[in-house]
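In what follows, a single structure is set out as C-alpha cells and then discussed.
The values are calculated or read from the model by the stated rules, or taken from the named source; none is laboratory data. Not measured: the values here are computed from a predicted model. Cβ placement follows ideal geometry from the backbone for every residue including glycine, while neighbour counts extend to all protein chains displayed. Side chains included, ligands, DNA and RNA excluded: accessible areas come from the protein's heavy atoms. Shrake-Rupley method; radii C 1.70, N 1.55, O 1.52, S 1.80 Å.
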Amino acid sequence: LPGAKLQTLMPLLEEVASEGHKALVFSQFTSYLAIVREQLERLGLPYEYLDGETRNRRDHVEHFQQDPNCRVFLISLKAGGLGLNLTAADYVYILDPWWNPAIEVQAIDSAHRIGQERHVFAYRLVCRDTVEERILELKERKRVLADAIISAEPAELSELTLEDLRQLIA
C-alpha cells in the first residue's frame with residue numbers, strides 16, 4: 001500500500017518542485033512521513049518537516065515560506081492541521097484518510113490563508129479496493145445525508161428512513 005502511493009507521490013513532488021511550485025504533504029503516520037523523507041533526501045529535494053515532537057514550529061514554517069529552494073513540507077496531520085499559515089504552497093497532498101473530515105479541511109486550509117495569491121490544488125491519495133476507499137465512501141455518504149438534513153424542509157425530514165439515520169450516526 002505505501003509503495004503504490006510513493007510511486008505516485010514522488011514523481012508528482014518532483015514535477016511540482018521543477019515547475020517552481022511548493023507542496024504540503026500530510027499524513028497521520030510519522031513512520032510514513034519518514035519514508036517520504038528518505039525518498040526526498042535520495043532525490044536531493046530540500047524539504048521541511050513538522051510533527052508533534054517538532055520544536056520551534058515557527059522556524060520551520062518561516063523556512064518553508066521564505067526559502068525558494070525548499071519546495072516540500074512534510075506535516076503530521078494531527079500536529080499541523082490547525083493554525084499554520086503556509087501560503088507559499090499551492091499543492092496539498094493528503095496521504096491517508098482521516099475519520100474526521102474537519103481535520104483534513106483544516107490541513108488544506110493552511111494553504112488557503114490570507115495572503116494566498118495562487119490557486120491551491122488539493123489531492124487525497126487513496127488506494128483502490130482498500131479500507132481507505134471504504135472510509136472515503138462512508139464519509140461521503142454521511143456528508144450527503146447531513147447536507148440533506150440541514151437543507152431539508154420539515155416535510156422532507158419525515159421521509160428519512162431508519163436506515164438513513166443509522167448511517168448518519170454509524
Rounded to the nearest 10 Å², the accessible area of Tyr32 at probe 1.4 Å: 20 Å²
Between segment 62-134 and segment 23-44, the alpha-carbon center distance in angstrom: 13 Å
In segment 42-71, the trypsin sites (Lys or Arg not before Pro) that fall in loop regions by DSSP, at most 13 other Cβ within 10 Å: Arg55
Leu162, Leu24, Leu125, ranked by accessible area, largest first (probe 1.4 Å): Leu162, Leu125, Leu24
Full-extension gain in nm, Asp164 to Lys142, via 0.36 nm per residue minus C-alpha separation: 7.0 nm
Candidate aspartates and glutamates - alpha carbon under 16 Å from Lys78, same-chain residues fewer than 8 apart omitted: Asp51, Glu53, Asp96, Glu104, Asp109
Under-5 Å amide H pairs with Ile94, H placed in peptide plane, nonlocal only: Phe26, Tyr123, Arg124, Leu125
Chain lengthening between Asn69 and Asp129 when straightened (0.36 nm per residue, less Cα-Cα): 17.9 nm
Inter-site label distance for Glu41 and Asp59 at 7 Å from Cα along Cβ, in nm: 1.9 nm
